[in-house]
Amino acid sequence: MALTRRVPALLMAVALLAACAGGGDDAPDRRPDRAAATSPPASASPPAVAPAASPRSQPPLSFQNCGGGFACATMPVPLTDADPSKGTVDLAVVRKPARRTAARIGSLVVNPGGPGASAVDYLRAAYEGLPDAVLDRFDLVAFDPRGVGRSAPVRCASTGELDRYFALDPTPDDAEELKAFQQGNADFAAGCAERSGPVLAYLSTRDAAGDMDRLRQALGEKKLTYLGYSYGTSIGAAYLDRWPTRVRAMVLDGAIDPALRWDQFLEGQSRGFDVALRAFLANCQQRSCAFRQTVRGDLGQAFDALAARIDRDPLPGRGSRRVGPGEFTLAVGSALYSREYGWPVLAEALAAAQRGEGAALLELSDGYLERGDRGYANLIEALTAVSCLDRPWPKDLSAYQALARKVARDSPRFGPAIALSSVACASWPVPPAGTPRRVTAPGAPPVLVIGTTRDPATPYSWSVALAGQLETGVLLTYDGDGHTVYRAGAPSCVTSRVDAYLLTGKVTSARCA
């Protein structure tokens, strides 16, 4: 079973770019996971845009039974409030009623992150892995943000084109590889403009926050109760920035600092992933994991030697597909999200690679990218579209190369690939819609921010920063490994505090191990 069938993971472009909910320690089999990709395979059809009705307030949703005790609805929203003539897009919404109807508090909107992960698929798969206190007292609600999953999905390339894109060397070694890297990213951006041009300018996180407020209205909730993981914390922060007094309670697990510039964002992830990989290798050495058993000498040197060998001579994967440095980087990064599940899978995959077998690494990479028999979900296309809109990015490749040289000093294993991972934004066909800014949210109730000390994708310092910016921010620290932590089976020190906060709105800072 691919890792991401069990554990939501960071999402990557060519390398590691942005994050969604992932696995921490001590989570049982019924923890939240990401469903198999169910959005349509890549095609040339642009997202549907309908004429706008522009209602003054969002009308109630008409939910229909869609199996498994869930109800589904479609919510039309204006593509842009500034120009109703641009039309509307339909957002997919799913709801699971509270188990204790008489004790129901209201709706809890959940987002697993991304950008690009289907929140609808996530909730349908993850529902039973959420804590009982949440399942009993709240209707669980999720919507696919615009451009994602079933909500006017962005498309940029065919399956074969995406295979070639993800196979690009994320750290080009010579002029030929650099030319291919630049051209591949430029072609990807041009494909997004060709296939999804009408919606590309309207997929920002600020737009998603506006849609979440429309959802609040459509659900009949006077105030929003929200649980956001990883990139989902960016949607939460954008909501707080605009409507702090419309919030009842908000949990932001694995936070992203909204004030980060492009280089600070990538540099932070570079450190996070190298720290997580070192922790994995130290644990592998201590426990004599499968990879340890296949090599001699220093385990870090063995890992580096394997990476260099795959860079020179890709491994056989499945069929005609091979495992080169692109797939290797994706595979290793994906497994670092969960100590309990990801680390053992990675150890076995590295041991197989040491024997010349790449299928296990390719399975990790494909699961990470949501590549199935019908092709790719639109995960990476949406991720890139949103990320390129949310902050200004350099237009010159030399800026990314300079950052790659800088981060290589302290984060040599992931840093250069992460620094170059956003080069598609240099060719992006629409200008950015957002800029980095501190979010203070005056007038908001207490906002609970959770940070994990060795989180690879959203470094702990980002949670500290966001909690410090918010006038009512409260920091809950989890001293552990993995990406995000709040779920059934997490340490009771975490779940008891988050549960109580969601039920009562009251919380104090704490540190848990």
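The values are calculated or read from the model by the stated rules, or taken from the named source; none is laboratory data. As the structure is a prediction and not an experimental result, all values here were calculated from the model. All Cβ positions, even for glycine, are placed from backbone atoms using ideal geometry, and neighbour counts span all protein chains on display.
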So which of 488, 424 is small (Gly, Ala, Ser), modelled with pLDDT under 95 and surrounded by 17 or more Cβ atoms within 10 Å (Cβ to Cβ)?
488
Complete set of residues in segment 60-105 that are of a type in the set (A, V, I, L, M, F, W, C) and assigned to a loop (DSSP other than H, G, I, E, B):
61, 63, 66, 70, 79, 82, 98, 105
Residue 302 vs (1) buried (at least 16 other Cβ atoms within 10 Å of the Cβ); (2) free of Cβ contacts under 8 Å to residues at least 60 places away in the same chain; (3) closer than 27 Å to residue 162 by Cα: all pass except (3)
If you go through segment 307-344 one residue at a time, how many are at pLDDT below 95 and acidic (Asp, Glu)?
1
When segment 365-390 is checked residue by residue, the ones that are surrounded by fewer than 24 Cβ atoms within 10 Å (Cβ to Cβ) and of a type in the set (Gly, Ala, Ser) are 372, 375
Which residues, counting only those in segment 304-339, are part of a helix (DSSP H, G or I), among the hydrophobic types (A, V, I, L, M, F, W, C) and under 26 Å from the mean Cα position of the chain (by Cα)?
307, 328, 330, 331, 332, 335
Given the condition among the acidic types (Asp, Glu), assigned to a helix (DSSP H, G or I) and within 18 Å of the chain's Cα centre (by Cα), answer yes or no: does some residue in segment 265-283 qualify?
yes
I'd like the full set of residues that are of a type in the set (A, V, I, L, M) and part of a helix (DSSP H, G or I), limited to segment 376-393.
379, 380, 382, 383, 385, 386, 389
Considering segment 76-123, residues that are under 26 Å from the mean Cα position of the chain (by Cα) and of a type in the set (Asp, Glu), and then whichever is surrounded by the fewest Cβ atoms within 10 Å (Cβ to Cβ), we arrive at 90
Could you go through segment 403-421 and let me know if any residue there is touching a residue at least 60 places away in the same chain (Cβ under 8 Å), surrounded by fewer than 16 Cβ atoms within 10 Å (Cβ to Cβ), touching a helix residue (DSSP H, G or I) at 6+ places or on another chain (Cβ under 8 Å) and within 20 Å of residue 277 (Cα to Cα).
yes
Residue among 198, 153, 170, 145 that alone is closer than 23 Å to residue 390 by Cα, at pLDDT below 95 and assigned to a loop (DSSP other than H, G, I, E, B):
198
Considering only residues of segment 468-506 that are among the hydroxyl-bearing types (Ser, Thr, Tyr) and touching a strand residue (DSSP E or B) at 6+ places or on another chain (Cβ under 7 Å), which is farthest from residue 248 (Cα to Cα)?
478
Output the residue which, of all residues in segment 307-344 that are among the aliphatic types (A, V, I, L, M) and surrounded by fewer than 24 Cβ atoms within 10 Å (Cβ to Cβ), is nearest to residue 452 (Cα to Cα).
307
Taking the stated definitions as given, is residue 453 in contact (Cβ under 8 Å) with a residue 24 or more places away in the chain, surrounded by fewer than 19 Cβ atoms within 10 Å (Cβ to Cβ) and β-branched (Val, Ile, Thr)?
yes
Within segment 350-369, the residues that are farther than 26 Å from residue 116 by Cα and among the hydrophobic types (A, V, I, L, M, F, W, C) are 350, 351, 352, 353
Tally, over segment 217-245, of residues that are over 17 Å from residue 449 (Cβ atoms) and touching a helix residue (DSSP H, G or I) at 6+ places or on another chain (Cβ under 7 Å)
3
Would you check if there is a residue in segment 477-484 being touching a helix residue (DSSP H, G or I) at 6+ places or on another chain (Cβ under 6 Å), over 30 Å from residue 188 (Cβ atoms) and either assigned by TED's automatic domain parsing to the domain that holds residue 280 or of a type in the set (S, T, N, Q) (or both)?
no
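This table checks each residue for (1) under 18 Å from residue 95 (Cα atoms); (2) in contact with a helix residue (DSSP H, G or I) (Cβ under 8 Å, 6 or more places away or on another chain); (3) of a type outside the set (Asp, Glu).
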| residue | (1), (2), (3) |
| --- | --- |
| 135 | yes, yes, yes |
| 164 | no, yes, yes |
| 174 | no, no, no |
| 193 | no, yes, yes |
